[in-house]
Amino acid sequence: MSKLDLDGCGDLNAKQFNMLVRKIGGFSRKPILDVSDGNDDWVVQLSQRGGTINGIADRSGEASSEIVAVGSPAASICYSTLSMHRVLIRNNSAFQTPDVTPESTIALANLLSCLRPGGKLIIPIKDVDRCQCLWTRRLEGFPGTLQQRQIKTGLLDYLSFGFLFSGIHSLSVLEFTIGRKPLSRLQWHRFAREAVMNRSAGNSAAA
């Protein structure tokens, strides 16, 4: 079974990735953090074309760069709190199991702490029902709102000729929007710790 089958979430091709980064503000001076399994060459290419994008990857790609940090988002994260407009999660080792793990919960705390107030976590999805159920469980305990939406190539893309670079696409994504109150990384980790403890207590009770 492939990693896509495990988590129900489809990875993106290069043109879909370009379109999505444009749609979520990567070319409007709004900083984006991309979280991937190592296909960071796309991040470097978009940055060279004027995108405000950085990355975290499991491993370095062919075009390794200072704008992409190599490592797990569940480890110590190099990006500052309240620094990102959007965080885009593609396939990454911290999220490649069908279970909710302490590792995935810690990774989410680190990534959510990077978001500015009102920021969004963006997750492209393949199997809507299955993936929404999984991410609802993963995000349980964190303050925010999860919703599913379609992101499409629109009229503005045609007028600006953006579709020439990104193609014509429609993507299903999950958006987790955090509140307007600034939270520290420590506060996000407190939410993560409580979530892990509550799941452990629930599993013990079920046993």
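The values are calculated or read from the model by the stated rules, or taken from the named source; none is laboratory data. Computed from a predicted model, the values in this text were never measured in an experiment. Using ideal geometry, Cβ is built from the backbone for each residue, glycine included, and neighbour counts are taken over all protein chains shown.
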Q. Does segment 14-35 hold any residues that are in contact with a Gly (Cβ under 8 Å, 6 or more places away or on another chain) and small (Gly, Ala, Ser), and which are they?
A. Gly26
Q) Tell me, which residue of segment 99-152 that is hydroxyl-bearing (Ser, Thr, Tyr) and surrounded by 19 or more Cβ atoms within 10 Å (Cβ to Cβ) is nearest to Phe27 (Cα to Cα)? A) Ser113
Q: Output the residue which, of all residues in segment 33-64 that are among the β-branched types (Val, Ile, Thr) and in contact with a Ser or Thr (Cβ under 7 Å, 6 or more places away or on another chain), is modelled with the lowest pLDDT.
A: Val44
(Q) Please count how many residues of segment 105-134 are at pLDDT below 95 and part of a helix (DSSP H, G or I). (A) 7
